[in-house]
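Here is the structure we will look at, set down as structure tokens.
The values are calculated or read from the model by the stated rules, or taken from the named source; none is laboratory data. Everything numeric in this text was worked out from a predicted model, so none of it was measured. Counting neighbours? That spans all protein chains shown, and the Cβs are built from the backbone with ideal geometry, glycine included. These accessible areas exclude ligands, DNA and RNA; they are computed on the full protein's heavy atoms, side chains included. Shrake-Rupley method; radii C 1.70, N 1.55, O 1.52, S 1.80 Å.
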Amino acid sequence: MQHSFKAQLQIIGVNPFVFVPDAVLSDIFTQAGKHKGPVPVSGKVNGKPFTQTLVRYKNEWRLYINTTMLPRSPKRIGETLEIQLQFDPMPRDVQMPERFANALQANKKARSVFEQLPASRRKEIVRYLANLKSEEALERNIHRAIRFLLGEERFVGRDKP
């Protein structure tokens, strides 16, 4: 069931978001069968389709609005958005690029560090690599990821694993 509502775009730190009405949250939680942890959703912002995740931060559930969902979203704070939102049961699995798996196999120290990372950090690295568009970019970033895991370079906005 898709819910429609209007919400004012707000910002916390550098992240634009909207609050989701309690009645909508309640229904989405019922459909998801949970009310903790990230909740996968899909819908539309001002008529443009999106896939996203509801997250709780500072005791409030928020729908973060990125620039893919709403162009120039950080510059549109205060704007009222038309939101359509529903629970999205589709799995969000991201396949690890085979070349990254091979690089981890070849470097046991990097693999050990990778395996000790929290699941969310591993997923962040894999998602970043899986979404690269060119083979050159993938190769370059696999090299950077391995160096990051070895503590030799920054990667995905982080100084150390």
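A Förster radius of 45 Å combined with the Cβ-Cβ distance from Thr68 to Lys160 puts the calculated FRET efficiency at roughly 0.95. For the residues Arg154, Arg122, a 1.4 Å probe over the protein chains yields an accessible-area ranking, largest first, of Arg154, Arg122.
Springs join every pair of Cα atoms under 10 Å in this Gaussian network model of the chain, and among Leu63, Leu150, Leu25 the largest mean-square fluctuation is at Leu150. Expressed per residue, the C-alpha convex hull volume of the stretch 13-74 stands at 86 Å³. Kirkwood radius and radius of gyration were both taken over the C-alpha atoms of the stretch 48-128, and their ratio Rg/Rh is 1.09.
Per residue, the solvent-accessible area of the chain (1.4 Å probe, heavy atoms of protein chains only, all protein chains present) comes to 61 Å².
May I ask you to derive the FRET efficiency for Glu98 and Glu153 from their Cβ-Cβ distance with R0 = 22 Å, giving the value to the nearest 0.05? Computed FRET efficiency for Glu98 and Glu153 comes out at 0.50.
Dipole orientation for the chain: of the candidates His3, Thr67, Phe148, Phe148 has the Cα lying most toward the positive pole (charges on Cβ; Lys, Arg +1; Asp, Glu -1). Note on Ala106 and Phe5: the extension gain reaches 31.3 nm, defined as 0.36 nm multiplied by sequence separation minus the Cα-Cα distance.
On the stretch 1-156, 50 percent of the accessible area sits on carbon and sulfur atoms, based on a 1.4 Å probe. Extension gain for Lys36-Ala137 works out to 32.8 nm (0.36 nm per residue, less the C-alpha to C-alpha distance). Shape summary: the chain maps onto an equivalent ellipsoid whose semi-axes, from the alpha-carbon gyration tensor, are 34, 17, 15 Å in decreasing order. Once the Cβ-Cβ distance of Asp27 and Arg122 is raised to the sixth power relative to R0 = 25 Å, the FRET efficiency obtained is 0.20.
Once C-alpha pairs closer than 8 Å and six or more residues apart are averaged by separation and normalised to the residue number of the stretch 1-98, the relative contact order reads 41 percent.
From the alpha carbon centroid of the stretch 111-125 to that of the stretch 134-161 is 13 Å. Taking every C-alpha pair closer than 8 Å and separated by at least 6 residues, the mean separation divided by the residue count of the stretch 40-82 gives a relative contact order of 34 percent. Relative to the longest principal Cα axis of the chain, at what angle does helix 135-149 sit, 0 to 90 degrees, rounded to 10? For 135-149 against the chain, the angle is about 80 degrees.
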